[in-house]
Each structure stands twice: as C-alpha cells, then as structure tokens.
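What follows is a set of notes on a single structure, which appears directly below.
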Amino acid sequence: MDDAAKKTATPDSPGWDVVDLLGEIADIGRDSVRGGYSRHVFEPAELALREWFTGRAEALGLDVELDRNGNIWAHWGARGSGTIALGSHLDSVPGGGAFDGPLGVASALSAVARLRAQGVMPARPVAVVAFAEEEGSRFGVACLGSKLMAGAIDPAKAVKLTDAAGVTFGEAAAAAGLDTGELGRDGERLASLAAFVELHVEQGRGLADMGAPVAVAASILAHGRWRLRFSGEGNHAGATAMRDRRDPVVAAAAAVLAARDIAARHDDPSHGTHGRATVGRLIPVPGGSNVIASRVDAWLDVRGDSDASTRALLAEIIDAIRDRAASYGCHVEVAEESYSGPVAFDADLRTRLASTLGGPPLLATGAGHDAGVLADILPTAMLFVRNPTGVSHSPLETASDDDCRAGVDALATVLRELLGQRTR
Ligand code: GLV
Ligand code: MN
Ligand code: MN
C-alpha cells in the first residue's frame, strides 16, 4: 500500500484492518532457530516494530510521543485529563507467537481508525500505547515500562538490570534515546488517564471450549520470578567418580522436579485453586558436554491466587530446592527478581464493558499484563480473543482472522461507549 492510501482511514479500508496490520509486521523478528518471534526490547526487531507503530499512528493522524520510560503513546486529540487509553506491547518472549502483544496494539489502531472514519469527534482524549519490555525477556522484569511509569519499580534498580550480554537497561534505554535520569513514576500521565483497556489473545482454552470469540477479563494470578544459583564443583566428566561429584546440574534437575511436584499438589483449577511453578531457563556454567558444571543459573516462575498462597507455595518449593541441592553436595542462592500481586479488574468498568458487549464470557487468567500493573492506580479492563490452540508463549499461539476482527469490533464498541458516543 502506498503512503497516500495508508493515510485514508475508512472502516473498510484494508489498510486499517487488524489482519492486514498484523500482516505488515509478520516478517519482523522471526526466530529461525526457535521458531516464532524473538522481539526483545530495544533490539533491532523491536525497534523496527516501534518504527512501524509510529508510522502507522502518524498515518492515522495521531500525535506520537515516546514517554520517559520507553513506552510509546499515540494521541488522538488534545492530551490531558480523562484520557481513554488502549493498547498492549510489541515485544515477545524468545520464540513467541505473533499475537501476544501486537494483536492488542494493532486492534487499538484499527478501532481508532474505525471511529475516525465514522466521524466520531472524541469528547475526551484517546491514546494508543505500546508498552516497553512487557515480557521481561531481555532484562528479566516483566512489564518494566508500565512498572516504571506506575512507580512500581525503583528506577535505580531498573537501570542496573542486565541482559544476557551484560548490557544494562540503562545503557539500552540511553541508546534508544531515553534520558535515564528521567526514568520512573510518571505522575502527570497517570493522573491524565481515566481508563486503560488492553485487548489480548487468550492464553488458554477458555473461549475455545465455550465457543465464543471474545471475553472480558476478570482477574490475574499473583506471579513472580526468582533467580536460583546452584553452586557445586566443576570437574572432569570421565575422571571424577560418581560418588565424588558435586554436580549443580543434578541439583537443578532435582529442584525442577520438586517444584513441579509441589505446585501440582496446589493446582486444582476445576475447584478454582491455582499454584503454578515453572523453570524455563537454565544456564550451566561453563556448559561443556564433557565437563561437570561448577554452577547453574535457573529462573523459577511461581504463580498463585493470592499473595499468601503464592508466598507459601514459593516457601515450600525453596525449602525443597535447598534440601535437594544439599543432598547433591551443592549450595543454592535465591534472589527475587520481580513480584506482582493478584489483580481483580475494576468491577464497574468490567460490568460496563460486559453490558456494552451483550454479556460475553468473563475469564480469569494466569498471565501477567500491563493492564494488571495499572489496575492498582486507575480503572483498567481487558478483552481476550479466542485462541483455538489454547497455547501461548509459543509459535503455536494463534487466533483466526474472523476472531481478530471480532476483537476489534468489541474494542471499537467499548471505545465508543467510554467516549459517550452511541454505537451506530
Ligand atoms: C507474561 O506474559 C507473563 O505472564 O509472564
Ligand atoms: Mn506474554
Ligand atoms: Mn502479552
């Protein structure tokens, strides 16, 4: 599509159809090794997505602004109090799917384009936002952009977070044009926001099982990440008798199994009880196939219904991990990298969305979101779009074209309602 065509926002214009918008970025950040997409904050693929977002928002006549924390805002109308914000994130987990994040951003652009084309003159400011480092895939803390904005993380701690290559968040942020002295709580912006609505692909099979395309979110599990450092004794794979070893890989393996078994005893979703534990990243040092490692770094993700149940589950797992490590002659250090309490989305906003949309299903989720971070400060809500595989954080994550469009229909309807405009 040429630039002139891109600038024309009509409801049926293929340029603003969410499926077309996602198609425009389908080749950005593909991961040829893992499959799917690896789009990590301030790396080339994510920077290309930022450029795409900026270009598309400007083509829609929006006024684009990079905030002090690396989040991009595209404003429709004057900025100021009473802003209705829509959006999500552009970054991904390593080898993630095409929808987690970008579906929400593209749907927000599409919904705004539709209202513009319908001649809606918003009575209050509207903004589309793309939050930075939602997955925490590069610097380890999920929802880093929204947490900084909300004042939920100390900027002095954030600037020191390092990626796998030893680059700090402060260095990466500065290279992306941010003033690291300005990172942190953005009180004026927070005060200007009346509501935030994030549309997201569902990360489970709830809607597929119910046969419905769109849901309103009810809640998010408490969740956090802990770094486990197992220390043992590096040695020779052939020359060291089995009884003489202090192998941290064995200690880590036993710890992973213990975490799985303990969480499984606490996880009973059919009775509304959730306890989840995952180790998805392990790094043995030095990592040679004929070398007993001296150290293993591993990351433990634990989730639960409440602060108390999540902390209790974590404590039980950590006790077991220490015990397993000791039984293999190893030592383990545990460090909390991030923690977010449970979220119940704003009841009034949720009810308003549900009634505007004719009573769609209400779904709880175990996945974290920027909307969950902001829920502590302002009314936030989420819409979920059916994912037939129920799989997410994987290349198998999916959503049909029709359901993506149904998501935009719902988001545009919600936006009109929040703007006090009657739906045509
Ligand atoms: C983010 O998607 C998370 O739940 O970890
Ligand atoms: Mn995700
Ligand atoms: Mn997401």
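Key figures
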item: At q = 0.06, 0.12, 0.13 Å⁻¹, base-10 log of I(q)/I(0) for the chain (Debye sum, equal scatterers on each alpha carbon); result: -0.26, -0.97, -1.12
item: Rounded accessible area of Glu24 (nearest 10 Å², 1.4 Å probe); result: 70 Å²
item: Mean Cβ neighbour count within 10 Å, used as a protection proxy, ranking 104-113, 367-376 highest first; result: 104-113, 367-376
item: Per residue, in Å², the accessible surface of the chain once ligands and nucleic acids are set aside, probe 1.4 Å; result: 41 Å²
item: From phi via Karplus (6.51, -1.76, 1.60), per-residue ³J(HN,Hα) for the stretch 194-207 in Hz, x at Gly/Pro; result: 8, 6, 10, 10, 10, 8, 8, 5, 5, 10, x, 9, x, 6
item: Between helix 401-418 and the chain: long-axis angle, C-alpha atoms, 0 to 90°, nearest 10; result: 60 degrees
item: Spatial separation of Cα centroids for the stretch 390-424 and the stretch 20-96, in angstrom; result: 17 Å
item: Degrees between helix 248-266 axis and first principal axis of the chain (Cα, 0 to 90, nearest 10); result: 60 degrees
item: Carbon + sulfur, % of accessible area of the stretch 90-171 - ligands and nucleic acids excluded, 1.4 Å; result: 54 percent
item: Solvent-accessible area of Asp307 with every protein chain in place, 1.4 Å probe, in Å² to the nearest 10; result: 70 Å²
item: Two-decimal ratio, the stretch 108-186, of alpha-carbon radius of gyration to 2.2 N^0.38 Å; result: 1.41
item: Taking the chain and dividing mean pair separation by its residue count, relative contact order in percent (alpha carbons under 8 Å, at least six apart); result: 21 percent
item: Lys, Arg +1 and Asp, Glu -1 on Cβ, resulting dipole of the stretch 234-373 about Cα centre, debye, nearest 20; result: 400 debye
item: Nearest-ten-degree value, helix 44-59 long axis tilted from longest Cα axis of the chain; result: 10 degrees
item: For the stretch 152-257: relative contact order, % (alpha-carbon pairs under 8 angstrom, 6 or more apart); result: 13 percent
item: Accessible-area composition of the stretch 256-310, carbon plus sulfur, in percent [1.4 Å probe]; result: 54 percent
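The values are calculated or read from the model by the stated rules, or taken from the named source; none is laboratory data. What you are looking at is a predicted structure, and each value in this text was computed from that prediction instead of being measured. Methodologically, a virtual Cβ is constructed for each residue, glycine included, from the backbone with ideal geometry; neighbour enumeration extends over all protein chains shown. Protein only, heavy atoms only, side chains kept; ligands, DNA and RNA dropped before computing areas. Shrake-Rupley method; radii C 1.70, N 1.55, O 1.52, S 1.80 Å.
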